[in-house]
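A.B. asks: The structure's right below; bear with me while I get my questions together.
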Amino acid sequence: MRSTRAMGGAVRRAGAGRGWRRAVLGTLALGALTAPAIASGCVAGFDPPSLVNGLRVFAVVADVETQEGEPESSSYASPGAQVTFRIHYQDGLGGPEEGSRPVSVYWFGGCKNPNGDDYYGCYPEFAELAAKLEEWEEARKDDPTIPMPDLNGVRPGFGDTYTITISDDILEGREAPATGGPRSGSAYVFFVACTGELKVVEDQGTGRAGTFPVACFDRGRRLGPDSFVAGYTQIYSFEDNRANANPKMLGLTLDGEPMPEDFAEIPNVDRCPIGREERREAGCSAEDPFTACHAYELDAIIPPNVAEDDPDAKQQDLKEIVWVDYFTDLGDLDRGIKLVSDAAKGDLGDHAVKWIPPAEPGIATLTAVLRDARGGSSVVQRLVRVK
């Protein structure tokens, strides 16, 4: 899949009985684990991945309707279950003068158990559906009654949410892993966030994955990763109907104080006098902004029992791995990721990072994304007024 700053370029997958089974949001890899960040001493000479300076998709969170008809936040679903996806994104490219850019979100479902269980095994069907959708949008100008095309009975969607029903036969023909564990299948849902017009593109790829079948255009010009983010999410179904609850956050704190959701009550902080260019100066002799300015402690409020037991673990005391990604559109973070729960040690306690305000006044958005190693996630955002 095409890589952008939001994607991280890595796709992490595992099968049942082959270690951690992860329902993956393919565009949101752990690039921040190895990417340089602004830190004490030698300052990186470029923007860190934690800075939201373009269109950024943070996560796609799934809610599964239970037998009682109530939604349950989970990245696994039983055959026949209804699943609603919600995308969380932010456009950090515009400023106060430019205003917010309109962002269109498209969804494509209907692909299940592709060859090799690889996301790009869905590309041929996806490309065919996208081409039909393009034709449909043109044809409905003359005849609005023309039905929308579908893929295996699943129609595309538009907007911040998208709902599908997991196929009743998603486990049909699937074999149990040789290493043990239940049979499983997976449904793939692709999403596209675009600040222009979505169009089908021809396959120009030379690798196994090929080219992502759609791209974003503005007045004929193909837009780059600052304006176009595409990816997929998987929902796994297991023969034993196991679940995986999305990890929950209760909020954020700034220097130990809970950050309110009400805009009228957001905290006020002073600007850091060190400008953006100075912060990006390379070399150990550069002034450390985290020492020169007040560095606020940013922390996610996470219950200590957030990690569930690993259902495939040979040792019963192993937990799923949980981590938190932090992002900001103004100012800087000393790091973008902290491990919350280790497989063997469990809850690690300390998952705070440092944030310094920008040199200019404005409203900063601080985002935390809590993820587990089986595809679960949750998102919390809070605002800070920089004076």
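The values are calculated or read from the model by the stated rules, or taken from the named source; none is laboratory data. Just so it is clear, the model here is predicted, and its values are computed rather than measured. Neighbour counts run over all protein chains shown; Cβ positions are idealised from the backbone, glycine included. Calculation scope for accessible area: heavy atoms of the full protein, side chains included, ligands and nucleic acids excluded. Shrake-Rupley method; radii C 1.70, N 1.55, O 1.52, S 1.80 Å.
A.B. asks: What do you get for Rg/Rh of region 133-194 when both radii come from the Cα atoms and Rh is the Kirkwood radius?
C.D. replies: 1.14
A.B. asks: Still on this structure, please answer the following. So what J values fall out for region 175-181 if you push phi through Karplus, 6.51 cos²θ - 1.76 cosθ + 1.60 with θ = phi - 60°, rounded to Hz, Gly and Pro as x?
C.D. replies: Once rounded to whole Hz, the list reads 9, 5, x, 4, 8, x, x.
A.B. asks: Give the ranking of ASP169, ASP309, ASP117, ASP142 by solvent-accessible surface, highest area first, calculated with a 1.4 Å probe.
C.D. replies: The ranking, largest first, comes out as ASP142, ASP309, ASP169, ASP117.
A.B. asks: Would you calculate the volume per residue, in Å³, of the smallest convex hull containing every Cα atom of region 208-253?
C.D. replies: Convex hull volume per residue, Cα atoms: 195 Å³.
A.B. asks: For region 125-156, run through the trypsin sites (Lys or Arg not before Pro) and keep only the ones in DSSP coil with at most 10 other Cβ atoms within 10 Å of their Cβ.
C.D. replies: Answer in residue order: LYS141.
A.B. asks: Per q in 0.18 1/Å, what log10 I(q)/I(0) does a Debye calculation on the alpha-carbon atoms of region 268-387 return?
C.D. replies: Debye output, listed in q order: -0.90.
A.B. asks: Step through the table entries LYS248/LYS387; LYS248/LYS319; LYS248/LYS354; LYS112/LYS319, compare each Cα-Cα distance with 25 Å, and write down the pairs that go over it.
C.D. replies: In this structure, LYS248/LYS387; LYS112/LYS319 lie more than 25 Å apart at Cα.
A.B. asks: Measure off 7 Å from each Cα along the Cα-to-Cβ vector at GLU261 and ARG276, then give the distance between these two points in nanometres to one decimal.
C.D. replies: 3.1
A.B. asks: In whole Å, what are the Cα extents of region 347-387 along the three principal axes, biggest one first?
C.D. replies: Cα spread of region 347-387 along its principal axes, largest to smallest: 40, 19, 11 Å.
A.B. asks: For region 147-226, what is the largest minus smallest coordinate of the Cα atoms on each principal axis, given in angstrom and ordered from greatest to least?
C.D. replies: 52, 35, 22
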